[in-house]
Amino acid sequence: MTMKILISFKTPSKIIFTALVFLACLGFASCKKDKIQSNQEIEVAPEIKLTQSNHTWYYFTDDGYFKTDKPQNSPYRLQAPWTEVTRISSSGTAAEDQNLVNKGFAVVNRLGILCFENDRIVLARDNNLFSNRTAGNLVFLNNTPIFSVYKSAFFNDTITDPNYKSDDSQHFFLIQFDDKTKVCYPILHCNNLIEESNSEITDFSWDGLNWYCSIKTISDTKNSFSYVSWKPTISLLDLSPSNAKGNITVKEISQDDFRNTKAQIDYSKAPNRIKNMLSNFSSKIPFQMELKAAGGHSSQTYLNSIENSQKEELKAKAIISQSWSCVIFEDGTLFIEGALSEKHILRNGKAVAIRLPKLPAGYVYSDFTISGTTLYVGWEEAAFYETSRSGFLQVNLEKTLYSKIL
């Protein structure tokens, strides 16, 4: 039995699927006149239902992650700035290995690294590194996860501790994660890039060759910012804070130079695989999409702006892998194309769209990764710059996408 569905959109905060289901003995339903119909018919997977066995919810505590039936039923947590709470701050997918299986990773702020291999989940905790630092910005080099940590001068009281201020070796910046040993190793400290003490690298961008960093230096009288670009003269993974001198080249750059590395790109310049996958609504809905390549460097942000649009701009995360690409919007609308690990190409190469379970008001989906045929997507209860409850959703895509109706 074949199911065909037309997608229609009513509001940017609720991307609504209106189905025209063609059955052997039934006609088709009519669509409401006030909805914007797409011009192209695409085949779409059915919504993932909370009652089905193809997904599992997890929530975070300060000690790890645990199952729950719904995000809103997880234990209540006090709101705090997003830099200081346990939440998935960044996720990524490694490039396909010789066994054609992507491994997935997630940086969990204040906790550690989540490692995903298909439906297997391992949490690698590091209390010394994560407990008082903000972690994020996950990238890959030779499929080795690399991320950054820093302390926020706005919200983190430990940054004023005299011992911390005077000990440059505690001002970590770039960290690599060894998936085999499940151990984090520092690549660079802040003082490898700047001579001023008590500095934190609050953000970076890496284009695969050069690294661009924003540095905040904290003092009793004022805080100042500086910007540098650098690159190693040896393999990045062979660097350490003790051998960095003489093995990296560093130069000052301007604030504008750094901002240009983070600039939004017009969506018309996005990869064709993404534009083709989203062709049904990209001309109608304004959105901002953060796009990563599996196993690659820093993401690029694409902006789909609609002139004179009164609709709220949606946020989305996207990944392009060798055999598949996927986009997830913050309301749970998901588009995917290609073939997952050791599976046939979905719908003969046509885009497939599904809806993740609807979250309660005040909750959003965040970053995601796919390993094998399993999707992992973060969720959090967010209000402006604060977050309270958070966790992730595990979805069996083999059951969801490769069922008989697909």
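Summary of values
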quantity	calculated
Of all residues making up the stretch 242-268, the number that are touching a strand residue (DSSP E or B) at 6+ places or on another chain (Cβ under 8 Å), in a helix (DSSP H, G or I) and loosely packed, with under 13 Cβ neighbours inside 10 Å	1
Options Ser325, Ser309, Ser298, Ser282; residue that is more than 30 Å from Leu209 (Cα to Cα) and touching a helix residue (DSSP H, G or I) at 6+ places or on another chain (Cβ under 9 Å)	Ser282
Scope the stretch 286-345; condition among the basic types (Lys, Arg), outside any strand (DSSP E or B) and either free of Cβ contacts under 8 Å to residues at least 60 places away in the same chain or crowded, with 22+ Cβ neighbours inside 10 Å (or both); matching residues	Lys343
Pairs with Cβ under 8 Å, 6+ apart, first in the stretch 70-84 and at pLDDT 95 or above and in a loop (DSSP other than H, G, I, E, B), second open to solvent by less than 20 Å² (accessible area, probe 1.4 Å) and of a type in the set (Asp, Glu)	none
Strands (runs of 3 or more DSSP E) wholly inside the stretch 355-406 containing at least 3 residues that are touching a residue at least 60 places away in the same chain (Cβ under 8 Å) and among the hydrophobic types (A, V, I, L, M, F, W, C)	374-383, 386-396
Hits in the stretch 222-239 (condition: small (Gly, Ala, Ser) and open to solvent by 30 Å² or more (accessible area, probe 1.4 Å))	Ser224, Ser226, Ser235
Selected residue (criterion: farthest from Gln322 (Cα to Cα)) from residues of the stretch 67-111 that are of a type in the set (A, V, I, L, M, F, W, C) and open to solvent by less than 20 Å² (accessible area, probe 1.4 Å)	Val85
Given (1) open to solvent by 50 Å² or more (accessible area, probe 1.4 Å); (2) modelled with pLDDT under 85, number of the condition Cys31 does not satisfy	(1)
The stretch 207-239 - residue that is assigned to a loop (DSSP other than H, G, I, E, B) and aliphatic (A, V, I, L, M) and, of those, nearest to the chain's Cα centre (by Cα)	Leu209
Among the residues listed as Ala361, Ala318, Ala351, the single one being farther than 20 Å from Tyr302 by Cβ and of a type in the set (Gly, Ala, Ser)	Ala361
Candidates Gly92, Gly136 - the one that is in a strand (DSSP E or B) and under 18 Å from Glu386 (Cα atoms)	Gly136
All positions within the stretch 118-135 that are surrounded by fewer than 17 Cβ atoms within 10 Å (Cβ to Cβ) and touching a Ser or Thr at 6+ places or on another chain (Cβ under 6 Å)	Asp119
Total residues in the stretch 177-211, condition open to solvent by 30 Å² or more (accessible area, probe 1.4 Å), in contact with a Ser or Thr (Cβ under 6 Å, 6 or more places away or on another chain) and within 26 Å of Leu114 (Cα to Cα)	2
Condition met for Lys311 (closer than 28 Å to Glu381 by Cβ, touching a Lys or Arg at 6+ places or on another chain (Cβ under 9 Å) and basic (Lys, Arg))	yes
Filtered residue count, the stretch 194-207, keeping only those that are more than 12 Å from Val149 (Cα to Cα) and at pLDDT 95 or above	3
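The values are calculated or read from the model by the stated rules, or taken from the named source; none is laboratory data. Fair warning: this is a prediction, and the values are worked out from it, not measured in the lab. Neighbour counts are summed over all protein chains in view; Cβ atoms, including those assigned to glycine, are modelled from backbone coordinates with ideal geometry. All accessible areas refer to the heavy atoms of the entire protein, side chains included, with ligands and DNA or RNA removed. Shrake-Rupley method; radii C 1.70, N 1.55, O 1.52, S 1.80 Å.
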